[in-house]
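Accompanying notes for the structure given below.
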Amino acid sequence: MNNNLVVKHNDLIEASYKLTLEEQRLILASISKVDSRKDVPVEIMITAKEYAELFDLQLKHSYFQLKEATNNLYERDIQIKGKKQTERMRWVYKVAYSDGEGYVTLKFSPEIKLYLSQLNGMFTSYQIANIAKLKSLYSIRMYELLNQWKITGKRVIPLGEFRRILELEDSYPRFADLKRRVIQPAVDELNKQTDIAVSFDVEKQGRAVSTLLFSFSAKPVQLEA
DNA sequence: AATTCGGCTGGGGAAAGGTG
DNA sequence: CACCTTTCCCCAGCCGAATT
């Protein structure tokens, strides 16, 4: 057993991608099996039981969820901003579901591995338990983006950058809608379900919002359910 | 211009419930 | 314990009206 720690290079935190909640959970469960100081295991195995326990789900529902999430994940891609180019790649290059045995295996793409292992500096880490209760699509991403700046407790993100990271460039053209359907729900959920207390403000250029300003701090230690 | 608020729709998450 | 289908409800996403 490990301590279910997720460690990602910051370029991965700020990469542009979109996953469903289940796919996101699968990725995080997989990453938690990687020792960021060492090499990524060739193949990672997740059992339905582990999955259910990590995210507090009923076991009988986790089989199908896990199977579907795994198959969907195979199709997902991610764009990572390099120095000169933005690279597009897949999360995994192989997945398998073992019928009758209740587990999946997956292999991270070689390129993705670069952001998960042999890390020294420029990475963000947190416990899965801190985000296990999050259900809203963007909450987990937001948690990571904030956590990256844990030392200062402040995160400033240009609006365009925020949209790029969450792949919301073509959605919610009106900022008011983005705020109501994405930012506010995520902030509310983080305040309710995680170990940090968050508030946010905006900066305007003329009349339009140009930058998001998040402030956050660790909540006083509370009892874990 | 921008905002908030109200409301509509489609799709998906997850609960309910059942099989072997 | 492993697996599957059906059903329901929530919410992502969009839009109009009133307001600043």
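The values are calculated or read from the model by the stated rules, or taken from the named source; none is laboratory data. Bear in mind that the values here come from a model prediction, so they are computed numbers and not experimental data. Cβ: placed from backbone, ideal geometry, glycine included. Neighbour counts: every protein chain shown. Only protein heavy atoms, including side chains, enter the accessible area calculation; ligands, DNA and RNA are left aside. Shrake-Rupley method; radii C 1.70, N 1.55, O 1.52, S 1.80 Å.
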Set the Förster distance to 30 Å, then compute FRET efficiency between residue A:72 and residue A:211 from the Cβ-Cβ distance, nearest 0.05.
0.35
Projected onto the charge dipole of the stretch A:1-46 (unit charges on the beta-carbon of Lys, Arg, Asp and Glu, signs +1, +1, -1, -1), the Cα from A:3, A:31, A:46 with the largest positive-side position is that of A:3
For Cα pairs less than 8 Å apart in space and 6+ apart in sequence, what is the mean separation divided by the residue count of the stretch A:2-113, i.e. the relative contact order in percent?
27
If a helix is a whole DSSP H run, which ones in chain A reach 24 Å or further along their own axis (Cα) and hold a mean Kyte-Doolittle hydropathy of at least -1.0?
A:59-75
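Could you work out the relative contact order of the stretch A:135-218? I mean the mean sequence separation of Cα pairs under 8 Å and 6+ apart, divided by the number of residues, in percent.
Contact order relative to length: 37 percent.
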Solution diffusion estimate, µm²/s, Stokes-Einstein, the stretch A:135-218, Kirkwood Rh from C-alpha pairs, 20 °C, viscosity 1.002 mPa s:
166
Using the reciprocal of the averaged 1/r over all distinct C-alpha pairs, how large is the Kirkwood radius of the stretch A:127-169 in Å?
11.4
Of the candidates A:164, A:25, A:207, which one comes out as most mobile in a Gaussian network treatment of chain A with C-alpha springs shorter than 10 Å?
A:207
Rounded to whole Å², per residue accessible area for chain A with a 1.4 Å probe reads 55
With the 8 Å Cα cutoff and a minimum separation of six or more residues, chain A has a relative contact order in percent of 22
Full extension from residue A:127 to residue A:156: what is 0.36 nm times the residue separation minus their Cα-Cα distance, to one decimal in nm?
8.1 nm
Tell me, what % of the accessible area of the stretch A:135-218 is carbon and sulfur with a 1.4 angstrom probe?
51
Counting only protein heavy atoms and using a 1.4 Å probe, what share of the accessible area of the stretch A:2-113 belongs to carbon plus sulfur, as a whole percent?
45
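Stretched out fully, how many nm does the piece from residue A:101 to residue A:53 gain, at 0.36 nm a residue minus the Cα gap?
15.6 nm
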Heavy atoms of residue A:89 accessible to a 1.4 Å probe, total area in Å² rounded to 10:
20
Once ligands and nucleic acids are excluded and a 1.4 Å probe is used, how much of residue A:219 is accessible, expressed in Å² to the nearest 10?
50
Rg/Rh of chain A (Cα atoms, Kirkwood Rh), to two decimals, equals 0.96
Across A:33/A:113; A:81/A:135; A:8/A:107; A:18/A:204; A:83/A:107, pairs whose alpha-carbon gap is larger than 18 Å:
A:81/A:135; A:18/A:204; A:83/A:107
